[in-house]
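Inspection log for the structure reproduced underneath, given as structure tokens.
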Amino acid sequence: MKRVSREHVIFEMNKENEPVLTAVSGETIVFETQDCFSGNVQSESDTVSDIDFSTVNPATGPIYVSDAEVGDTLKVTINRIDIDNKGAVLTAPGLGLLSDGIGAEETAIAKITDSATLYKGYEIPLRKMVGVIGTAPAGDGVNTGTPGDHGGNLDTILLGEGATLYLPVNVKGALLAMGDMHSSMGDGEIMGSGLEVAGEIEVIVEVIKDSDLPLPFIETDELYVTLGSRETMEDASKVALHNMVEFLTAKTDMTFNHAGMFLSLAGDLKVSQAVNPNKTMRVEVRKDLLNK
Ligand code: CA
Ligand code: CA
């Protein structure tokens, strides 16, 4: 099994990045990932002012998938996530959706067990997930803190073990990179960080030719999920909704109107994160509801 060490990080998803490893379709790859602070927050005395923001959101990679051509779809199946037993969440004036109420910066370090994040005496169920995952965009690079149609800082809680993420291949080789894992995070990520933790991610990468999935697209055991990342939550919602209508009209005999009404009855529009430079919204549809 191939392994990408956590020294190989990028801070921009960019077609000019040198790949650090080559994979073929169907291969299993392990990405070792740093936490989003590049390990610079180790105690509760390390607060936002101590962080060098040029080292935030390292993504491990990129890897070059040799059969991936422009226009293909890259299928990334998350087999396994292992995380450290300790991580950090922090806050500071100006950060996140509660920014106007924050008087002073503060960091909380939390222990992580096999089942929970232990935060100030509360047991928060483990929800191991990958925050940043994406391919290189076709045009200018995009920093790893910003999500978009190429993936990136999607901060979507569904991107955990067993999930499959479909991403666009915008440049030859796709240039897949990932990082920014969380042991627990709520929808919205309202303070701007989850419980930030280092670890490793085992994925299978596959190239799909002639896929018509609207990207990025997530599949779990129970759900089909479209994503939209734009400057406002409203614009992001529209992208995710149009993508789900596109998926439904291709997969079923529904018209645009019928798919829209179906979503009005059975689709769940949710906030993935409301704090990054682009906000990410998602639309979830239960797979079993598509069986007549
Ligand atoms: Ca993130
Ligand atoms: Ca994060």
Which residue is nearest to LEU158 (Cα to Cα), if the candidates are limited to the range 67-103 and must be in contact (Cβ under 8 Å) with a residue 12 or more places away in the chain, among the hydrophobic types (A, V, I, L, M, F, W, C) and open to solvent by 20 Å² or more (accessible area, probe 1.4 Å)? ILE83
Checking MET244 against (1) under 23 Å from GLY162 (Cβ atoms); (2) within 16 Å of the chain's Cα centre (by Cα), which single condition isn't satisfied? (2)
Index of the failed condition, GLU231 passing every other in (1) under 30 Å from GLU16 (Cβ atoms); (2) in contact with a helix residue (DSSP H, G or I) (Cβ under 6 Å, 6 or more places away or on another chain): (2)
Only one of these is crowded, with 17+ Cβ neighbours inside 10 Å and within 16 Å of ligand 2 (Cβ to nearest atom): VAL132, VAL142. Name it. VAL132
Quick check: anything in the range 56-66 open to solvent by 20 Å² or more (accessible area, probe 1.4 Å), of a type in the set (A, V, I, L, M, F, W, C), within 15 Å of PHE37 (Cα to Cα) and touching a residue at least 60 places away in the same chain (Cβ under 8 Å)? yes
When you scan the range 54-91, how many residues do you find that are of a type in the set (Ser, Thr, Tyr) and within 17 Å of the chain's Cα centre (by Cα)? 3
Please determine, by comparing only the residues of the range 152-174 that are within 12 Å of ligand 1 (Cβ to nearest atom) and not polar (S, T, N, Q), which one is most open to solvent (accessible area, probe 1.4 Å). ILE157
Please determine whether any residue of the range 41-54 is touching a strand residue (DSSP E or B) at 6+ places or on another chain (Cβ under 9 Å), at pLDDT 95 or above, open to solvent by 10 Å² or more (accessible area, probe 1.4 Å) and small (Gly, Ala, Ser). yes
Any residue at all in the range 185-195 that is open to solvent by less than 30 Å² (accessible area, probe 1.4 Å), small (Gly, Ala, Ser) and within 25 Å of VAL24 (Cα to Cα)? no
Select from the range 247-283 the residues that are small (Gly, Ala, Ser) and within 16 Å of ligand 2 (Cβ to nearest atom) and write down the one among them that is surrounded by the fewest Cβ atoms within 10 Å (Cβ to Cβ). ALA274
Being assigned to a strand (DSSP E or B) and out of contact with any Pro (no Cβ under 9 Å at 6 or more places or on another chain) is the filter here; which residues of the range 154-177 pass it? THR164
Residues satisfying the stated conditions in the range 211-236, i.e. over 19 Å from THR164 (Cα atoms) and either among the basic types (Lys, Arg) or surrounded by fewer than 20 Cβ atoms within 10 Å (Cβ to Cβ) (or both): ARG230, GLU231, THR232, MET233, GLU234, ASP235
I need the full set of residues from the range 120-129 which are away from ligand 2 (no atom under 15 Å from the Cβ) and either modelled with pLDDT under 95 or assigned to a strand (DSSP E or B) (or both), in order please. TYR122, GLU123, ILE124, PRO125
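The values are calculated or read from the model by the stated rules, or taken from the named source; none is laboratory data. Note that the structure is predicted; figures quoted are calculated from it, not measured. All Cβ positions, glycine included, derive from the backbone under ideal geometry; neighbour counts span all protein chains shown. Areas reflect the complete protein model, heavy atoms only, side chains present, ligands, DNA and RNA absent. Shrake-Rupley method; radii C 1.70, N 1.55, O 1.52, S 1.80 Å.
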